[in-house]
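Enquirer: Take a look at this one; I'll ask things after.
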Amino acid sequence: MERQKSMEKGLLRKSLSIRERKFPNEEAFLETGLSRKSPREITKKAQNDDGECRVTATVFFSTFVAVSGSFCTGCGAGFSSGAQSGITKDLSLSVAEYSMFGSILTLGGLIGAIFSGKVADVLGRKRTMVFCEAFCVTGWLAVALAQDALWLDCGRLLLGIGVGLFSYVIPVYIAEIAPKHVRGSFVFANQLMQNCGIALFFIIGNFLPWRLLAIVGFVPCVLHVFCLFFIPESPRWLAKKGRDKECRSALQRLRGSDVDISREANTIRDTIEMSEVDGETKMAELFQRRYAYPLLIGVGLMFLQQLSGSSGVTYYASSLFNKGGFPSAIGTSVIATIMVPKAMLGTIIVDKLGRRTLLMASCAAMGLSALLLSVSYGFQSFGILPDLTPIFTCIGVLGHIVAFAMGMGGLPWIIMAEIFPMNVKVSAGTLVTVTNWLFGWMITYTFNFMLEWNASGMFFIFSMVSAFSIVFIYFLVPETKGRSLEEIQALLSNSVQ
């Protein structure tokens with residue numbers, strides 16, 4: 001506790017040093033927390049604090065529009081499960097060819113992730129989302145019209161590039177516009193909307209032919225582009241580009257016309273000035289001691305998220321149900337019915353329980369679910385308790401996907417958007433996002449092969465990864481709820497020093 005207070009005091013001193021150069025007559029008393037200001041000024045400060053915490057209709061609408069891109073991501077992830085039987089039959093694809101089709105979304109995501117930070121920095125957050133949808137729209141059309149495996153893979157690859165860009169820019173945009181006391185819930189809505197997309201395609205995939213399913217995925221992408229023209233750009237990105245007037249205008253729009261945003265605008269400006277002292281950090285310069293802790297957290301969480309097998313379970317849920325002898329249509333429909341309410345619960349409690357608690361609970365449930373699947377497929381291979389295998393399979397798959405949706409799916413992206421300062425956000429965010437998509441591609445491509453080779457052993461490994469994730473989170477991941485982005489970044493920087 002004493003260390004935390006000293007870190008916060010250090011942040012305040014560092015921020016005030018810039019303010020004092022601009023306003024030398026303004027006194028601050030760090031030790032007592034008092035200031036020589038009139039009652040009117042104190043009242044004005046209280047109004048500023050209230051304005052910074054206010055959740056306006058503009059913030060709600062901007063967040064909803066941004067996370068609509070995640071809905072498109074969920075549609076892409078859920079497509080491969082519902083369309084598997086139809087595509088393999090109509091285009092005569094082998095297991096290897098369909099594994100390539102399913103996994104190439106994550107390969108495209110890897111390509112998009114490599115350029116995500118730079119594109120978002122150059123184009124801005126809004127225009128990057130429009131750029132993403134150009135890939136998604138083209139990809140869905142290519143899939144819908146495909147006559148062979150090549151066009152199918154090309155369409156899926158383009159869709160993946162758009163999704164890879166989305167995975168970085170959406171959480172970053174929301175974290176930069178949302179008030180700190182609801183930032184976790186708002187960024188977690190990213191995962192909620194992704195689950196909505198997956199759930200929709202899990203349900204309608206049981207009834208619609210795969211070409212029509214691709215057209216359904218195309219429609220929300222077009223609507224998303226239209227809505228993006230009605231939301232403001234990120235004030236922090238505008239401030240970084242030196243567009244102070246536009247920054248204040250966007251901030252005023254987000255906080256409300258009757259709110260004095262000067263204090264928040266000055267804090268953003270001062271933080272960016274402090275980060276610009278060292279200049280923009282290149283990828284090679286990222287591996288310095290002062291960035292080691294946040295980098296370890298960001299990369300570690302993404303690495304463990306994918307090695308828990310989450311992408312493979314989601315992409316090939318139908319195959320898992322069929323292998324366990326449970327009807328896939330019923331299984332995917334049950335998942336779709338439950339995963340959205342569970343993600344909604346996660347959105348509500350993330351700023352109440354905190355990131356750490358929810359992450360560890362999610363990993364524990366995923367580990368137990370993977371262990372149950374390991375036991376289920378193990379019993380099946382030895383012919384033990386054959387009547388229980390379908391039940392264990394259903395509970396295991398359902399538990400794994402729901403537990404992932406509640407915590408480990410969205411929280412690493414929230415933390416990624418919070419922990420990196422502006423001068424390293426491009427390079428660090430790119431590295432973290434690339435890590436996620438690289439290991440996601442490895443898991444989704446090899447998943448079907450491992451399932452045929454030794455399903456029980458595969459899920460036992462996944463359960464051990466989830467167990468290790470709990471240890472990693474407990475000892476290394478800090479709690480970030482209720483803190484501004486500037487406070488979080490300063491605390492992480494001071495912890496290294």
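The values are calculated or read from the model by the stated rules, or taken from the named source; none is laboratory data. Treat the numbers as computed from the prediction; the structure is a model and nothing was measured. So basically every Cβ, Gly included, is an ideal-geometry build from the backbone, and we count neighbours across all protein chains shown. The accessibility values were calculated without ligands, DNA or RNA, using every heavy atom of the protein model including side chains. Shrake-Rupley method; radii C 1.70, N 1.55, O 1.52, S 1.80 Å.
Enquirer: If I fit a long axis through the Cα atoms of helix 355-382 and take the longest principal axis of the Cα atoms of the chain, what angle between them do I get, 0 to 90°, rounded to 10?
Expert: Relative to the chain, helix 355-382 is tipped by roughly 10 degrees.
Enquirer: Can you grab the distance from the C-alpha centre of segment 172-235 to the C-alpha centre of segment 435-497, Å, no decimals?
Expert: That distance is 23 Å.
Enquirer: Over segment 281-389, average the accessible area per residue using a 1.4 Å probe and give it in Å², no decimals.
Expert: 41 Å²
Enquirer: Applying a 10 Å radius around every beta-carbon, put 150-159, 101-110 in order of their mean neighbour count, most first.
Expert: Averaged packing, sorted descending, gives the order 101-110, 150-159.
Enquirer: Output the pairs from LYS323/LYS352; LYS240/LYS352; LYS89/LYS118; LYS342/LYS425; LYS180/LYS240 with a Cα-Cα distance over 29 Å in this structure; if there are none, say none.
Expert: LYS323/LYS352; LYS240/LYS352; LYS89/LYS118; LYS342/LYS425
Enquirer: Another question, if that's okay. With a 1.4 Å probe and every protein chain left in place, work out the accessible area per residue of segment 421-465 in Å², rounded to a whole number.
Expert: Roughly 35 Å² per residue, with all protein chains present.
Enquirer: Nearest 10 degrees, 0 to 90: what angle lies between the long axis of helix 262-276 and the longest principal axis of the chain (Cα atoms)?
Expert: The answer is roughly 70 degrees.
Enquirer: Taking a probe of 1.4 Å, how large is the accessible area per residue of segment 52-135, in Å²?
Expert: Accessible area per residue: 34 Å².
Enquirer: Next question. Quick check on packing: order 409-420, 135-146, 374-385 by the mean number of other C-beta atoms within 10 Å, highest mean leading.
Expert: In descending order of packing, they fall as 409-420, 135-146, 374-385.
Enquirer: Report the gain in length on full extension from ILE215 to ALA96: 0.36 nm times residue separation, minus Cα-Cα distance, nm rounded to one decimal.
Expert: In short, 40.3 nm is gained.
Enquirer: Once you place label points 7 Å from the Cα toward the Cβ at HIS181 and LEU223, how far apart are they in nm?
Expert: The modelled label-to-label distance comes out at 3.2 nm.
Enquirer: While we're here: Among [x] 4, 20, 31, 28, 14, 2, 0; [y] 4, 20, 30, 24, 13, 6, 2, 0, 0; [z] 4, 16, 23, 22, 16, 11, 6, 2, 0, which one is P(r) over Cα pairs in 10 Å bins from 0, in percent computed from these coordinates?
Expert: [y]
Enquirer: Roughly what would the spin-label model give for THR56 and LYS241, points 7 Å off Cα along C-beta, in nm?
Expert: If labels sit at THR56 and LYS241, their model points lie 2.0 nm apart.
Enquirer: Here's something else I'd like to know. Would you mind classifying segment 58-132 by shape? Square roots of the alpha carbon gyration tensor eigenvalues, ordered a ≥ b ≥ c; an a/c under 1.5 is rounded, otherwise it is prolate if a/b is larger than b/c and oblate if not.
Expert: Oblate shape, in that a/c is at least 1.5 and b/c is the bigger or equal ratio.
Enquirer: Ignoring ligands, DNA and RNA, please state the percent of accessible area on the chain from carbon and sulfur, probe 1.4 Å.
Expert: Answer for the chain is 67 percent, counting heavy atoms of protein chains only.
Enquirer: Multiply the residue separation of THR446 and ILE204 by 0.36 nm, subtract the distance between their alpha-carbon atoms, and state the gained length in nm to one decimal.
Expert: Result: 84.5 nm gained on full extension.
Enquirer: Using only the alpha-carbon atoms, how far is helix 389-403 inclined from the longest principal axis of the chain? Give it as 0 to 90 degrees, nearest 10.
Expert: 20 degrees
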